[in-house]
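Have a look at the structure below before the remarks.
The values are calculated or read from the model by the stated rules, or taken from the named source; none is laboratory data. Everything numeric here is computed off the predicted structure, so don't read it as measured data. Backbone-built Cβ (ideal geometry, glycine too); neighbour counts: all protein chains shown.
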Amino acid sequence: MSEDLASDGTDNRTQPNHLRAGDPDAAVLYEVAGGVATITLNRPDYRNALSVEIVNGVGDHFEAALADPGVRAILFTHVGNTFCAGADLRAAQPGVPQPTLRHNFVEILERIMTCDKPVVGRLAGHVTAGGVGLAAAMDISIAADDAIIGFTEVRIGVAPAVISVVCLPKLRRADASELFLEGERVPAPRAAAAGLINRAVPREQLDGEVAATLRRLVRGGPNALANTKQLVARVPQMARDEAWEWTAELSQRLFQSEEAAEGIAAFRERRDASWVPPES
C-alpha cells in the first residue's frame, strides 16, 4: 500500500467533466443520470485511500443510491491514477486528527454484495489492498488493461484479512496463495484471469465498455435484477436438493409477478419495458 503513495508522474486530475458534478472538493462525488448513480472517489493526492472521509462519503452516497427508486444501477469510479490504495496509512500516525466514522467498511462491502441493485466498478487506475476488496465486491468490475492490481499487505507486515472474505470465493487456491503471499501488483489482465475482476480492456475502450454495460443493466427489471443477485450469492452455498426447491419457487413467483407481465408484454409488443430509463 505504501508504494502507492508515491507519484508516478501522471495527471491525477484528468477525468471527464460529468464526474465532477456537485462540490468539486468533496472526498466523494455523487451524480444520478439515466438511471445510474455515479460515486466518484475524489482524493487523488492520497491515492483515494480509505480515509474516514472516503468511507463516510461512499457510505452516505451508496445508501442514497439504494434509497432512490430512480437509480437502477450504481457505478463506482475515481479521479486520478489510482482507484483505491487501500487503508489510509496517515490515520495511523500520532497527532493526525480524524473525523468521526459513520460507516463501517465491512458493512459497505456486505451491502454492495447483497443489495438489490447491480454495482459496477470502473477501474481506470491502480487498485491495491482494500481497494481490491472494494472492486471484488462489485457485481461487475472493468479495468483499463494498463492498470495494476495487487494485495500489497504483506509488504508492510499485515495480511489481506477482511477483504479475503470477498476475494477468496472468486479465486482458485493457487491464485490466492500466489497473489496474497508474494504481495506483487499484477497487470489487470492477470487479475481478470484470476477472477478478481470481470475483464480488462484497452484504456481507450474503457468508458465505452462501462457505458455499454450500464445500458444493458438498466434494461433488466428491478425485481429481476435483485433476485438474480441473490441467485449468484446463494445457490453456490446450497445443497443441490435445496437449490432445486428454492429456485423452482423463485421462478414461479417471478413469472407470476406484475414485473414479468410487463416485461413479457413489452417483448411481444417490441417496445421498451416501463422500467427502462429513457436515456438508456
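Yes or no, residue by residue, for (1) among the hydrophobic types (A, V, I, L, M, F, W, C); (2) buried (at least 16 other Cβ atoms within 10 Å of the Cβ); (3) touching a residue at least 12 places away in the same chain (Cβ under 8 Å):
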{"site": "Ala191", "(1), (2), (3)": "yes, yes, yes"}
{"site": "Leu196", "(1), (2), (3)": "yes, yes, yes"}
{"site": "Thr213", "(1), (2), (3)": "no, yes, yes"}
{"site": "Phe255", "(1), (2), (3)": "yes, no, no"}
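Okay, residues lined up against (1) over 14 Å from the mean Cα position of the chain (by Cα); (2) farther than 22 Å from Thr114 by Cβ; (3) at pLDDT 95 or above:
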position: Glu31; (1), (2), (3): yes, yes, yes
position: Asn42; (1), (2), (3): yes, yes, yes
position: Asp45; (1), (2), (3): yes, yes, no
position: Ala64; (1), (2), (3): yes, no, yes
position: Ile74; (1), (2), (3): no, no, yes
position: Cys84; (1), (2), (3): no, no, yes
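Within segment 41-76, the set of residues being in contact with a Gly (Cβ under 9 Å, 6 or more places away or on another chain) and crowded, with 23+ Cβ neighbours inside 10 Å comprises Leu41, Asn42, Arg43, Arg47, Asn48, Ala49, Leu50, Arg72, Ala73, Leu75, Phe76. Can you spot a residue in segment 170-180 that is part of a strand (DSSP E or B), closer than 19 Å to Ala137 by Cα and modelled with pLDDT of 95 or more? Within segment 170-180 (the criterion being part of a strand (DSSP E or B), closer than 19 Å to Ala137 by Cα and modelled with pLDDT of 95 or more), the answer is no, since none of the residues qualifies.
Please work out if Gly121 is modelled with pLDDT of 95 or more, surrounded by 15 or more Cβ atoms within 10 Å (Cβ to Cβ) and farther than 28 Å from Val201 by Cβ. Against the criterion (modelled with pLDDT of 95 or more, surrounded by 15 or more Cβ atoms within 10 Å (Cβ to Cβ) and farther than 28 Å from Val201 by Cβ), Gly121 does not qualify. If we scan segment 232-248, do we find a residue that is closer than 24 Å to Met113 by Cβ, surrounded by 13 or more Cβ atoms within 10 Å (Cβ to Cβ) and charged (D, E, K, R)? Checked against the condition, which is being closer than 24 Å to Met113 by Cβ, surrounded by 13 or more Cβ atoms within 10 Å (Cβ to Cβ) and charged (D, E, K, R), segment 232-248 yields at least one hit.
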